[in-house]
1. Assess whether residue 512 counts as being closer than 26 Å to residue 333 by Cβ and modelled with pLDDT under 95.
2. Across the stretch 523-542, what is the total count of residues that are under 33 Å from the mean Cα position of the chain (by Cα) and within 10 Å of residue 503 (Cβ to Cβ)?
3. Tell me which residues, restricted to the stretch 468-486, are in a loop (DSSP other than H, G, I, E, B) and surrounded by 20 or more Cβ atoms within 10 Å (Cβ to Cβ).
4. Give me the strands (runs of 3 or more DSSP E) completely within the stretch 59-122, filtered to those with at least 1 residues that are under 17 Å from the mean Cα position of the chain (by Cα), farther than 30 Å from residue 233 by Cβ and not assigned by TED's automatic domain parsing to the domain that holds residue 533, ordered by residue number.
5. Filter the stretch 406-433 down to the residues that are more than 19 Å from residue 289 (Cα to Cα) and either modelled with pLDDT under 95 or out of contact with any strand residue (DSSP E or B) (no Cβ under 7 Å at 6 or more places or on another chain) (or both) and list them by number.
6. Say whether the condition of being within 22 Å of residue 485 (Cα to Cα), touching a helix residue (DSSP H, G or I) at 6+ places or on another chain (Cβ under 8 Å) and in a loop (DSSP other than H, G, I, E, B) is met by at least one residue in the stretch 371-384.
7. Which of the residues spanning the stretch 386-403 are in a strand (DSSP E or B) and closer than 27 Å to residue 304 by Cβ?
8. Does any residue of the stretch 598-613 turn out to be within 30 Å of residue 109 (Cβ to Cβ) and in contact with a strand residue (DSSP E or B) (Cβ under 9 Å, 6 or more places away or on another chain)?
């Protein structure tokens, strides 16, 4: 197997005299998208006679967690990926999938330029863990939790789970983080978890922490579910961001079935009580693909803007919830969660390609690309906004070679072209750098009328095994006469299966989600389904038919599997290749310094002066605030030196619902005056560079409250005020409350 080498580590002597006597040179390090593994054989010899041999498949890599950043093989890596349900299930078969399907799903994350999967709540099964080793996907491994800290026997069980999970999985190189809970835990409990890690995996190079832990002195990483955190000490990364949902079937409001963004049921299912409740605004959970893809760009920009290289305190990234649509709690109109960037059968949505564009680099963008959101098959006289996701500085849109001009840029990666009139042919987006040099191109083409059905087989590299458990996945498409997928096709396809295989089907909108049905529609021109082998080998045939379409057939053969007394020694994972597509870890730096922090050394204010330091102490659970009177709503910061100041970042209490009317002065020169924007964490205030040493933030009016993210909640049924978790302050409109402030100079 390419990328897997064998090395023997003989251990000789009795148990009281055990030693390793083989050194290994020229080790290739396991890395992101480079699943280089070794078979390590541990041989116990007693009196020079081998009595036991154990093979361990593992990999070698270096890690470090410091300065608010994650280092892999001495290179800084900003985390980008998905918070995936540990079940990682598929329609109609759940978790009962062969190893090749685990590799297919996990490698798809890597191919979309994701580098981390955070399994949610409980330890994943060994098959997924080993799969991540092969495909080069970093993992955050939880043990078990109850959504909160616990005591007594419940806590004892948590410790035992962590101990057992570490022992079972400590040889898997893809595990980078041990997660102690889906909520913050006490410092005492964090110390206990750290002691377990140190006892059972002292040299594994894994950070142990828990969700939140923003002010912990013991945790080795932290980060909230929904909000944006920065740190100059332990890495902070978002554990579940962007909770919006969108069914893959819905392109936009101009395409069948004409789903206007936000329309849908006003019910949601509680994640806590599993009951159906009414909700006034479900628009964030009933998006179409257009708005869902755009929202993923907007939400990632919060982390990209604070990436390594943007100052002393940075964000180590985050994981989007979830990768694939899942049979768990839902908040939109469907009866399952549609937050995935791919659907339940791992067919990509536009949001998948948006991430692929934005995530192509360890930190900074390393490869340029462009993606046009949507399709190019519309009714005559249709006019709509076209949105392009691109790494370029500029993007130009062309229809059949004629320029529609440059797009309006926002959130670094979004380019909007307003009121574009559709005409059949080729829609092309071309990106350029700041000097006008072409960087990347993406095209969409108008397809012809639907004429044909197309079937494509996906199976394990060593074939379809007749073991009663293997699965073949078949993709069905509706195409035009030239073989192009028709993006608006939603035809009902009827399937006929013959031979030693069992129909498992797929999923689509319809009665019972079309589960197990042999009548399955394509959605946006494509769908997928499963057949499962029996214990009998032989020829299998499949036929697909639909009204007004040319039928398609597919033939495959299941291979016999040798057994002895009803048992087989075949292990499918042993026949799966490792993924080396990204190559070894580059030796160059992964980012360029974009701005430089000017440290604050002191602060003066009229009230609560003893707490002024809390607004620049690298602790997002502490803050400074005045006494609620407008005339005391000011604070002056002294910097370490005179500097040409160009921008300020602030986290203000009540960040998602409160706007503060403020002005900012640098050495008594006003550089900003206005209302602060609402956010999910930090706001950025840029201005023309001004030389100075003293920065004054002054409240000039009463604050205004109105939740800018009312449809998105961290826990269903619980609406966060986020006034630093102190609802008593909600009515104090004359307060200026600063959680953290960072002052920057530009880098020439």
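The values are calculated or read from the model by the stated rules, or taken from the named source; none is laboratory data. Model, not experiment: these values are computed from the prediction. Every residue, glycine among them, receives a Cβ derived from its backbone with ideal geometry; neighbour counts consider all protein chains shown.
1. yes
2. Residues meeting the conditions: 4.
3. Across the stretch 468-486, the qualifying residues are 470, 486.
4. Answer list for the stretch 59-122: 79-85.
5. 412, 424
6. Taking every residue of the stretch 371-384 in turn, at least one turns out to be within 22 Å of residue 485 (Cα to Cα), touching a helix residue (DSSP H, G or I) at 6+ places or on another chain (Cβ under 8 Å) and in a loop (DSSP other than H, G, I, E, B).
7. If the condition is that a residue be in a strand (DSSP E or B) and closer than 27 Å to residue 304 by Cβ, then 386, 387, 388, 389, 390, 394, 395, 396, 397 are the ones that fit.
8. No: the stretch 598-613 contains no residue that is within 30 Å of residue 109 (Cβ to Cβ) and in contact with a strand residue (DSSP E or B) (Cβ under 9 Å, 6 or more places away or on another chain).
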